[in-house]
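Some notes on the structure that comes next.
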Amino acid sequence: KEAETQQKLANVVILATGGTIAGAGASAANSATYQAAKVGIEQLIAGVPELSQLANVRGEQVMQIASESITNENLLQLGRRVAELADSKDVDGIVITHGTDTLEETAYFLNLVEKTEKPIIVVGSMRPGTAMSADGMLNLYNAVAVASSKDARGKGVLVTMNDEIQSGRDVSKMINIKTEAFKSAWGPLGMVVEGKSYWYRLPAKRHTMDSEFDIKTIKSLPDVEIAYSYGNVSDTAYKALAQSGAKAIIHAGTGNGSVSSRVVPALQALRKDGVQIIRSSHVNAGGFVLRNAEQPDDKYDWVVANDLNPQKARVLAMVALTKTNDSKELQRMFWEY
Ligand SMILES: NC(=O)C[C@H](N)C(=O)O
């Protein structure tokens, strides 16, 4: 009988990378003071015995880091392992446990480069497992539930936090002290309740199977950097980033990606030197940058990120630059992905 139920359940692999979901604090009262990336994947799985009712689960420790320290090499390593598993006949879904600080970047990266319909779910937690009211157990349970459901196939990389199913492309960490930390300007795709998924909308942008990018052909990622804008900003950071070899600079602009008159000449000059200039916005609840609004992008040959925040724009720019250095092509990609 047991063998029969095992056969019917989906096979889900959990790739652990660290983060607060693998964090530990000194006491149960420590919800915000703790060390991330301390607990191994076997212990995480053992902490949620109910996972075995959802799927045949096995874990792999891919790395053990706090996600603020993730590198492009780490991203490629994770992406390649996800692709290998996605190609394997005995894997139905993949869950990635991840720190929440850069979770949105990894989820968007995988959404762009993994050629599979199989569910890929990225999940984290806001409190360590040692804290009162820790959120990691339920978030992980929900991730495995979505990863093992047929309904999640073909919907791109997903994120399960706070009972919501979010598109990995849209979702962003909006607040860092609440368990309802992850939001999308365009709303969640669905909900997970007691291990069952409820869907309400679909992603509109190209992803996974419909993407022109493939992890298997990406050898390395180019250097793309972000410079933050504010009142009285100088052009020092932009110039320094270009000098240290950045192929593109994401302008984390004010408002609708506006650029200070103190910075415009430097960005014009950098573009003439071959650096791609991509205008994004750092407004809190989600920016929206349009071509030739605020700045004459056609004239300066700049690119706009539209609704992608600066850190997501960096991810798309890196992936896009592995294919082209043509600013018109880059702009097309920024509209399509
Ligand atoms: N909540 C978290 O996971 C934060 C942690 N610094 C990380 O990203 O690894």
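Tell me whether segment 86-93 contains one or more residues that are under 11 Å from the mean Cα position of the chain (by Cα) and either within 13 Å of the ligand (Cβ to nearest atom) or part of a loop (DSSP other than H, G, I, E, B) (or both).
Initial filter on segment 86-93 (under 11 Å from the mean Cα position of the chain (by Cα)): none.
No, the conditions are met nowhere in segment 86-93.
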*Selected residue (only one of 85, 103 is more than 20 Å from residue 56 (Cβ to Cβ) and of a type in the set (A, V, I, L, M))*: 103
_Close pairs (6 angstrom Cβ cut-off, 6 or more residues apart or separate chains): assigned to a helix (DSSP H, G or I) in segment 288-313, among the small types (Gly, Ala, Ser) and at pLDDT 95 or above anywhere_ = 310/252; 310/280; 313/280; 313/305
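Can you give me the number of residues within segment 117-136 that are closer than 27 Å to residue 88 by Cβ and surrounded by fewer than 20 Cβ atoms within 10 Å (Cβ to Cβ)?
Filtering segment 117-136 for residues closer than 27 Å to residue 88 by Cβ gives 117-124, 136.
Those still in the list that are surrounded by fewer than 20 Cβ atoms within 10 Å (Cβ to Cβ) too: 117.
Of the residues in that region, 1 qualify.
Looking at 101, 151, 170, which is the one that is open to solvent by 10 Å² or more (accessible area, probe 1.4 Å), away from the ligand (no atom under 16 Å from the Cβ), part of a loop (DSSP other than H, G, I, E, B) and touching a Ser or Thr at 6+ places or on another chain (Cβ under 6 Å)?
Numbers: 101 fails: away from the ligand (no atom under 16 Å from the Cβ); 151 fails: part of a loop (DSSP other than H, G, I, E, B).
Result of the check over 101, 151, 170: 170.
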*Mind listing whichever residues of segment 293-315 are over 20 Å from the mean Cα position of the chain (by Cα) and within 26 Å of residue 174 (Cα to Cα)?*
293, 294, 303
*segment 156-174 residues that are more than 20 Å from residue 82 (Cα to Cα), paired with ones that are of a type in the set (Asp, Glu) and surrounded by fewer than 24 Cβ atoms within 10 Å (Cβ to Cβ) (beta carbon under 6 Å, 6 or more apart)*: 162/180
*asked:* Condition first: of a type in the set (Asp, Glu) and free of Cβ contacts under 8 Å to residues at least 24 places away in the same chain. Can you find one or more residues in segment 51-65 that meet it?
replied: no
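Scan segment 173-205 residue by residue and report those that are away from the ligand (no atom under 16 Å from the Cβ) and crowded, with 16+ Cβ neighbours inside 10 Å. Talk me through it step by step, then tell me what you get.
First, pick out the residues of segment 173-205 that are away from the ligand (no atom under 16 Å from the Cβ): 184-205.
Listed by number, the residues that qualify are 184, 186, 188, 189, 190, 191, 192, 195, 197, 203, 205.
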*Looking at (1) over 28 Å from residue 184 (Cα atoms); (2) outside any loop (DSSP other than H, G, I, E, B); (3) open to solvent by 40 Å² or more (accessible area, probe 1.4 Å), which is the one condition that is false for residue 45?*
(3)
_Any residue that is in contact with a strand residue (DSSP E or B) (Cβ under 8 Å, 6 or more places away or on another chain) and part of a strand (DSSP E or B) - is there at least one of those in segment 261-277?_
yes
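Which count do you get for residues in segment 12-46 that are hydroxyl-bearing (Ser, Thr, Tyr) and more than 16 Å from the ligand (Cβ to nearest atom)?
The first filter runs over segment 12-46 and keeps only residues hydroxyl-bearing (Ser, Thr, Tyr), leaving 17, 20, 27, 31, 33-34.
After this cut, where a residue has to be more than 16 Å from the ligand (Cβ to nearest atom) as well, the list is 27.
Summing the residues that are hydroxyl-bearing (Ser, Thr, Tyr) and more than 16 Å from the ligand (Cβ to nearest atom) in segment 12-46 gives 1.
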*asked:* All but one of (1) in a helix (DSSP H, G or I); (2) within 15 Å of the ligand (Cβ to nearest atom); (3) more than 17 Å from residue 166 (Cβ to Cβ); (4) of a type outside the set (Phe, Trp, Tyr) hold for residue 63; state the number of the condition that does not hold.
replied: (1)
*Working only within segment 206-244, note down all residues that are open to solvent by 30 Å² or more (accessible area, probe 1.4 Å) and of a type in the set (Gly, Ala, Ser).*
220, 231, 234, 237, 240, 244
*List every residue pair whose Cβ atoms sit under 9 Å apart, with the two residues 6 or more apart in sequence or on different chains, where the first one lies in segment 123-143 and is at positive phi and the second, anywhere, is within 14 Å of the ligand (Cβ to nearest atom) and assigned to a loop (DSSP other than H, G, I, E, B).*
133/31; 133/127; 133/179
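Check segment 299-310 and report whether any residue there is open to solvent by 60 Å² or more (accessible area, probe 1.4 Å) and out of contact with any Gly (no Cβ under 9 Å at 6 or more places or on another chain).
At the first step, the residues of segment 299-310 found to be open to solvent by 60 Å² or more (accessible area, probe 1.4 Å) are 299.
So of that shortlist, the ones also out of contact with any Gly (no Cβ under 9 Å at 6 or more places or on another chain) come out as 299.
Looking through segment 299-310, at least one residue is open to solvent by 60 Å² or more (accessible area, probe 1.4 Å) and out of contact with any Gly (no Cβ under 9 Å at 6 or more places or on another chain).
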*May I ask you to verify whether residue 80 is open to solvent by 10 Å² or more (accessible area, probe 1.4 Å), away from the ligand (no atom under 16 Å from the Cβ) and in a helix (DSSP H, G or I)?*
yes
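The values are calculated or read from the model by the stated rules, or taken from the named source; none is laboratory data. Fair warning: this is a prediction, and the values are worked out from it, not measured in the lab. All Cβ positions, even for glycine, are placed from backbone atoms using ideal geometry, and neighbour counts span all protein chains on display. Side chains included, ligands, DNA and RNA excluded: accessible areas come from the protein's heavy atoms. Shrake-Rupley method; radii C 1.70, N 1.55, O 1.52, S 1.80 Å.
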